[in-house]
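Below: one structure in structure tokens.
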Amino acid sequence: MATKNQLSDAAKSLDRVESHDGLELGQASSLPEEAHFDEKTAATIRHRIDLRLIPLLGAIYGISLMDRTNMPNAAIAGMLTDLKLSHGPRYNLVNMSFFITYILLQPVMVIIGRKVGPRTFLPSICLAWGAVIIGFGFAKNWPTLLPLRLLLGAMEAGYFPGCLYLLSCWYTRFEVARRYSSFYLIGSVSSALSGILAYGLQQLDGLANLSGWRWIFIMEGVITCAIASFAFIFLVKFPDKERVKPSWGFLSPDQLEFQIERLNAERRDVELEDLTWKRFFQPATEWYIYGFPFILFLINVTAYAFAFTLPIILRSKLGFNVAMAQCLVAPPYVLAGAIMYLVAWY
């Protein structure tokens, strides 16, 4: 077995490049003799991190997509009629109100998440928006939906950027893109099941004198809260905070130090620096940064138009029954997730 110092020395000497299988650390020419052991150790550590972070974060991301886009499933299940949402721009107004707080509060929520830490922050906001989703099931009229959507946007604002930040803290730059693709894939597949889940929950129509569309919100909110409760136990902290109080069943002290050495050898930013406004706004001074949000803007314009209208179009324009309209939402998301995953890996 290699000692802790040997692992640290080996990690420092490696130039980070992933091999074709994504598991090897590095280059060649100047590796010490124990590097083969180190490569296996690094692969083991990476797998442990993968299993602890990717499935849970991806599943909650899928839940967040489901919770923000479940309006059309509820709409064709009777909500449009019960709350008179079909009059004028009411339906679109309710849907779009989510993005007001979601966009404006993202920078603030990222700062809070950095201060509080992901193990507490991410499950907390998930639990909060799950409670908000349950509230949708008891809405009496369409104006009631507006503050609920605003509150939902505020709670979800910190999750997506918080996940990307957490993942970037545990992987090198050459590893993290593939982990992002796995995260997105799980999220896409999870959200693809929302229509099928909505159809099943709609069958509770009449139970406790509540309409089927109300049960869609109530039960999806309960599921969200249950997963959030699990995340409080299972999610991990930033690498430097793991040194202080390790998460149960995660990395041993030697494994943690080895991973920190690898990260520091690449970018030397494991220990968080004090956050200042200058550091916060510094990326905005780089002109090339703006290409990425522009691409994301173009993607989201089509993606959310698709998400908020597809079940309604299938039901009212193409003549599918409610069950088929809800279930046919799934295939496009599964295909999109698979293509994204393949592009990232191959």
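The values are calculated or read from the model by the stated rules, or taken from the named source; none is laboratory data. Predicted model only: the values in this text are computed from it and were never measured. Using ideal geometry, Cβ is built from the backbone for each residue, glycine included, and neighbour counts are taken over all protein chains shown.
Starting from residues that are more than 24 Å from the chain's Cα centre (by Cα) and modelled with pLDDT under 85, keep the ones in the range 250-270 and report whichever is surrounded by the most Cβ atoms within 10 Å (Cβ to Cβ).
Looking at the filtered set, the residue picked out is 266.
OK, next. Inside the range 92-117, can you point out the residues that are within 16 Å of the chain's Cα centre (by Cα) and under 26 Å from residue 79 (Cβ atoms)?
Residues satisfying the conditions are 102, 103.
Taking the range 252-287 as the region of interest, how many residues are under 19 Å from residue 174 (Cβ atoms) and either without any contact (Cβ under 8 Å) to a residue 12 or more places away in the chain or in contact with a strand residue (DSSP E or B) (Cβ under 7 Å, 6 or more places away or on another chain) (or both)? Please lay out each step first, then the result.
Residues of the range 252-287 that are under 19 Å from residue 174 (Cβ atoms), as a first pass: 258-270.
Still in the running and either without any contact (Cβ under 8 Å) to a residue 12 or more places away in the chain or in contact with a strand residue (DSSP E or B) (Cβ under 7 Å, 6 or more places away or on another chain) (or both): 264, 266, 268-269.
Summing the residues that are under 19 Å from residue 174 (Cβ atoms) and either without any contact (Cβ under 8 Å) to a residue 12 or more places away in the chain or in contact with a strand residue (DSSP E or B) (Cβ under 7 Å, 6 or more places away or on another chain) (or both) in the range 252-287 gives 4.
Could you please find all residues in the range 165-196 being surrounded by fewer than 18 Cβ atoms within 10 Å (Cβ to Cβ), modelled with pLDDT of 90 or more and touching a Lys or Arg at 6+ places or on another chain (Cβ under 8 Å)?
165
Is there a residue in the range 288-296 that is under 30 Å from residue 73 (Cα atoms), assigned to a helix (DSSP H, G or I), of a type in the set (Val, Ile, Thr) and within 24 Å of the chain's Cα centre (by Cα)? Walk me through it before giving the result.
Keep residues of the range 288-296 that are under 30 Å from residue 73 (Cα atoms), which gives 293-296.
From what's left, assigned to a helix (DSSP H, G or I): 293-296.
Keeping just the survivors that are of a type in the set (Val, Ile, Thr) gives 295.
Still in the list and also within 24 Å of the chain's Cα centre (by Cα): 295.
Yes; the residues of the range 288-296 include at least one that is under 30 Å from residue 73 (Cα atoms), assigned to a helix (DSSP H, G or I), of a type in the set (Val, Ile, Thr) and within 24 Å of the chain's Cα centre (by Cα).
Right, residue 124: closer than 24 Å to residue 316 by Cβ, assigned to a helix (DSSP H, G or I) and among the hydroxyl-bearing types (Ser, Thr, Tyr) or not? Walk me through it before giving the result.
Working: closer than 24 Å to residue 316 by Cβ: no; assigned to a helix (DSSP H, G or I): yes; among the hydroxyl-bearing types (Ser, Thr, Tyr): yes.
Here the answer is no, as residue 124 does not meet what is asked.
A further question on this structure: Could you say which residue among 330, 344, 307 is within 19 Å of the chain's Cα centre (by Cα) and at pLDDT below 85?
Numbers: 330 fails: at pLDDT below 85; 307 fails: at pLDDT below 85.
Residue meeting the stated conditions: 344.
What's the number of the only condition in (1) surrounded by 20 or more Cβ atoms within 10 Å (Cβ to Cβ); (2) closer than 30 Å to residue 313 by Cβ that residue 97 fails to meet?
Result: residue 97 passes all but (1).
Given 197, 185, which one is among the hydrophobic types (A, V, I, L, M, F, W, C), over 13 Å from residue 334 (Cα atoms) and in a helix (DSSP H, G or I)? Explain how you work it out, then say what you get.
Values: 185 fails: over 13 Å from residue 334 (Cα atoms).
Only one candidate qualifies: 197.
Let me ask you something else. Residue 146 - would you say it is surrounded by fewer than 19 Cβ atoms within 10 Å (Cβ to Cβ), in a helix (DSSP H, G or I), in contact (Cβ under 8 Å) with a residue 24 or more places away in the chain and in contact with a Ser or Thr (Cβ under 6 Å, 6 or more places away or on another chain)? Before you say what the answer is, go through the steps one by one.
Numbers: surrounded by fewer than 19 Cβ atoms within 10 Å (Cβ to Cβ): yes; in a helix (DSSP H, G or I): yes; in contact (Cβ under 8 Å) with a residue 24 or more places away in the chain: yes; in contact with a Ser or Thr (Cβ under 6 Å, 6 or more places away or on another chain): yes.
Considered against the rule, which asks whether it is surrounded by fewer than 19 Cβ atoms within 10 Å (Cβ to Cβ), in a helix (DSSP H, G or I), in contact (Cβ under 8 Å) with a residue 24 or more places away in the chain and in contact with a Ser or Thr (Cβ under 6 Å, 6 or more places away or on another chain), residue 146 comes out as yes.
Moving on. Among residues belonging to the range 10-43 that are modelled with pLDDT of 50 or more and in contact with a helix residue (DSSP H, G or I) (Cβ under 8 Å, 6 or more places away or on another chain), point out the one that is farthest from residue 220 (Cα to Cα).
Step one: filter the range 10-43 for residues modelled with pLDDT of 50 or more, giving 38-43.
If we keep only those that are in contact with a helix residue (DSSP H, G or I) (Cβ under 8 Å, 6 or more places away or on another chain) as well, we get 38, 41-42.
Details: 38: 44, 41: 40, 42: 38 Å.
Applying the filter and picking the extreme gives 38.
For the range 154-175, which positions are in contact (Cβ under 8 Å) with a residue 60 or more places away in the chain and in contact with a Phe, Trp or Tyr (Cβ under 8 Å, 6 or more places away or on another chain)?
Listed by number, the residues that qualify are 156, 159, 160, 163, 166, 167, 169.
Something else now. Considering only the range 231-251, state which residues are in contact (Cβ under 8 Å) with a residue 24 or more places away in the chain, of a type in the set (A, V, I, L, M, F, W, C) and within 15 Å of residue 120 (Cβ to Cβ).
Across the range 231-251, the qualifying residues are 231, 232, 234, 235, 236, 238.
Let me ask something else about it. When you go through (1) in a helix (DSSP H, G or I); (2) in contact (Cβ under 8 Å) with a residue 60 or more places away in the chain; (3) surrounded by fewer than 19 Cβ atoms within 10 Å (Cβ to Cβ) one by one for residue 77, which number turns out not to apply?
Of (1) in a helix (DSSP H, G or I); (2) in contact (Cβ under 8 Å) with a residue 60 or more places away in the chain; (3) surrounded by fewer than 19 Cβ atoms within 10 Å (Cβ to Cβ), only one is false for residue 77: (3).
Next up: In the range 312-346, which residue that is under 30 Å from residue 179 (Cα atoms) and among the hydroxyl-bearing types (Ser, Thr, Tyr) is surrounded by the most Cβ atoms within 10 Å (Cβ to Cβ)?
333
How many residues does the range 272-298 hold that are modelled with pLDDT of 80 or more and of a type in the set (D, E, K, R)? Let's see the steps before the verdict.
First, the residues of the range 272-298 that are modelled with pLDDT of 80 or more: 276-298.
Next, only the ones that are of a type in the set (D, E, K, R) stay: 278-279, 286.
Residues flagged as modelled with pLDDT of 80 or more and of a type in the set (D, E, K, R) within the range 272-298 amount to 3.
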